[in-house]
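J.: Quick one: structure below, then a few questions.
The values are calculated or read from the model by the stated rules, or taken from the named source; none is laboratory data. Treat the numbers as computed from the prediction; the structure is a model and nothing was measured. All Cβ positions, even for glycine, are placed from backbone atoms using ideal geometry, and neighbour counts span all protein chains on display.
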Amino acid sequence: MTDHVKTPWHLWAVGIITLLWNGIGIFSYLMTRLGKLESLGMTAEDIAFFESFPAWANALWAMGVWGAFAGSILLLLRSRWAVTSLVIAVIGLLGTTYFQRMMIEIPEKHDSIPLSVMIWVITVFMLWYASRMKREGVLR
């Protein structure tokens, strides 16, 4: 017989809030990859900057945003795979951060240290939280 672990109220709060937060990342990623940046008020120079990223940097960005988004959904589904998805997100974020901070010069208007820190804090928190919920048997 298996023990049934009740879903804590905070799992729903964390899952829904991070799903909304990660939805913003997905929106940004899709608008960039689908060539819709002009509809966001970006100039031709801005668009050229984002289009200059190599395929590997875009792949890491995809890992980061889609991994985190899937992690939120998997948390809400109480799936242990949320942890794996969030590890992928952190790897993508690590690679993206390396590319942005060490390999290119980001135009000042596209460089927000507070936003970068916030993305890191939320993503690492999500991984920690999912790992904790898995350890406690909430994720199956």
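J.: Counting only residues that are within 20 Å of the chain's Cα centre (by Cα) and hydroxyl-bearing (S, T, Y), which one in the stretch 8-67 is nearest to L139 (Cα to Cα)?
T.: The residue in question is T18.
Matching residues to (1) surrounded by 20 or more Cβ atoms within 10 Å (Cβ to Cβ); (2) of a type in the set (S, T, Y):
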| residue | (1), (2) |
| --- | --- |
| F50 | no, no |
| F53 | no, no |
| W56 | no, no |
| V65 | yes, no |
| S72 | yes, yes |
| S79 | no, yes |
| T96 | yes, yes |
| Q100 | no, no |
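J.: Would you check if A13 is surrounded by fewer than 17 Cβ atoms within 10 Å (Cβ to Cβ), assigned to a helix (DSSP H, G or I) and modelled with pLDDT of 95 or more? Lay out the reasoning, then the answer.
T.: On the way: surrounded by fewer than 17 Cβ atoms within 10 Å (Cβ to Cβ): yes; assigned to a helix (DSSP H, G or I): yes; modelled with pLDDT of 95 or more: yes.
Considered against the rule, which asks whether it is surrounded by fewer than 17 Cβ atoms within 10 Å (Cβ to Cβ), assigned to a helix (DSSP H, G or I) and modelled with pLDDT of 95 or more, A13 comes out as yes.
J.: Among the numbered conditions (1) in contact with a helix residue (DSSP H, G or I) (Cβ under 8 Å, 6 or more places away or on another chain); (2) under 14 Å from I122 (Cα atoms); (3) of a type outside the set (V, I, T), tell me where L60 comes up short.
T.: The failed condition is (2).
Residues are listed down the side, and each one gets a yes or a no for (1) of a type outside the set (F, W, Y); (2) out of contact with any Ser or Thr (no Cβ under 8 Å at 6 or more places or on another chain):
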{"residue": "W9", "(1), (2)": "no, yes"}
{"residue": "N22", "(1), (2)": "yes, no"}
{"residue": "G35", "(1), (2)": "yes, yes"}
{"residue": "L40", "(1), (2)": "yes, yes"}
{"residue": "D46", "(1), (2)": "yes, yes"}
{"residue": "G67", "(1), (2)": "yes, no"}
{"residue": "L75", "(1), (2)": "yes, no"}
{"residue": "L93", "(1), (2)": "yes, no"}
{"residue": "Y98", "(1), (2)": "no, yes"}
